[in-house]
Amino acid sequence: MKNQSADPIIVFITAASAEEAMRIAEVLVDSRLAACVQVLPEMHSIYLWKGEVERAREVLMIAKTTMAQFEGLQNRVCAIHSYETPEIIALPIVAASEDYLRWLTSSLEGS
C-alpha cells in the first residue's frame, strides 16, 4: 500500500489581508511545512458565522505540501492567524508531473 503520509496535497487557507497572508506564507515555507504558497488577490466572501450572514474581503493562500506535514501546518497557521477559526482545507493532488512531485517532497526535507 502507498504511504499516504507522503501523498501530496493542496491546502486552501484564507486570511484577513494580503499582509497577513504573506506573513503566514513566509512562515510555512521557511519552516518547510509547505514547499510553495501562492497568495491570490483579494476576494469577497459571504459565509455564516455564529448564526449570521457575514461579508468580508479576504485573501486566499494555496499551499503545496504533503499529508505528513498537514498537522504541523494546521497547528502553525492556527497559532499565528488572526481568525478564531481559520479556513484550512486540504485537497489531494490526484495527478502531477513526477518532476514537480520530486521538487515538492525534496523541498519539505529537513522539516
### Query
In this structure, does I89 turn out to be within 16 Å of D7 (Cα to Cα) and touching a residue at least 24 places away in the same chain (Cβ under 8 Å)?
yes
#### Entry: Residues of region 26-60 satisfying the condition of being touching a Leu at 6+ places or on another chain (Cβ under 8 Å) and over 23 Å from R76 (Cα atoms)
M43, E54
### Query
When you scan region 92-107, how many residues do you find that are free of Cβ contacts under 8 Å to residues at least 12 places away in the same chain and of a type in the set (A, V, I, L, M)?
2
### Query
Any chance region 4-11 includes a residue that's over 14 Å from the mean Cα position of the chain (by Cα), exposed (fewer than 14 other Cβ atoms within 10 Å of the Cβ) and at positive phi?
no
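No lab work stands behind these numbers, since they all come straight from the coordinates. Here the structure is a predicted model, which means the values were calculated and not measured. No Cβ is skipped: glycine too gets one built from the backbone with ideal geometry, and neighbour counts run over all protein chains shown.
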